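The values are calculated or read from the model by the stated rules, or taken from the named source; none is laboratory data. A quick note: this is a predicted structure, and the numbers were derived from the prediction, not measured. Neighbour counts are summed over all protein chains in view; Cβ atoms, including those assigned to glycine, are modelled from backbone coordinates with ideal geometry.
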Amino acid sequence: MSTTYLIVGASRGIGFTYVKHLALNKSNLIIATARNENAAAKLQALGPNVKTILIDMQDPYSKFETSFKQLETLAPSGEYDVDAYDEVLSVNIGGAAKGYKAAYPFIFKGKGIKKIVFGSSLLGQVGYPIKGQAYAASKAGLNHLGHQIASTNAKSGDELVKNSATILLRPGVVNTDMTSASLDFKAKVPPSLFISQDESVTGTLSLVEKLTNADSGKLFNYKGAGFKFSAI
């Protein structure tokens, strides 16, 4: 049986090794991306069933799109809006990271427990069955960022930083302009689960008031219930 494989990032390491093993079966067709001519030559030397596409993983999307035109008959069309990913990830992860970095010198001054709260979402839990790939991916990434910050701070030699609390917060299914505009979201979430913005904020502030260092790195909802980072 003939099988076609697309290996993106095959110039070296595990990617190259995947191609090497797959090429042993001469009925396989392997299409592998290589960052330069030298890498492409090494891949092609693995067998006549290895084809290469010159692309660097840091190239702009426009080059990926042009280079991958030859795959139109092999790969199914996707539903992913790459421009949406660029924009949403830049806002929801990049904005949070830049805000935290800029505020860091001012947060960790004075006394008392310092509390950092990142606004997560139930869609950020891996495996949650609602569309919105870019938004969901951005919130999953934000969960990772917040957890990483909590882990890093816990190892700090500065007691103020070490004893701080960084959490991820699910604000609830809140009636906002965004949730109202999402037909898929409204179709899959019972109306009884929606809450007002005031209810979400009141619950959140009550939770934040009670936070301790032991809560750092965890995911909560606005009622204070803890959740796993994956819904699977």
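Here are some notes:
- Test: residue in region 84-95 that is farther than 30 Å from residue 226 by Cβ, modelled with pLDDT under 90 and more than 24 Å from the chain's Cα centre (by Cα): no
- Selection count, region 1-31, where residues are hydrophobic (A, V, I, L, M, F, W, C) and surrounded by fewer than 12 Cβ atoms within 10 Å (Cβ to Cβ): 3
- So residue 206, is it out of contact with any Cys (no Cβ under 6 Å at 6 or more places or on another chain), modelled with pLDDT under 85 and in the same structural domain as residue 112 (by TED's automatic domain parsing): no
- Selection count, region 60-83, where residues are modelled with pLDDT of 80 or more, assigned to a loop (DSSP other than H, G, I, E, B) and among the aromatic types (Phe, Trp, Tyr): 0
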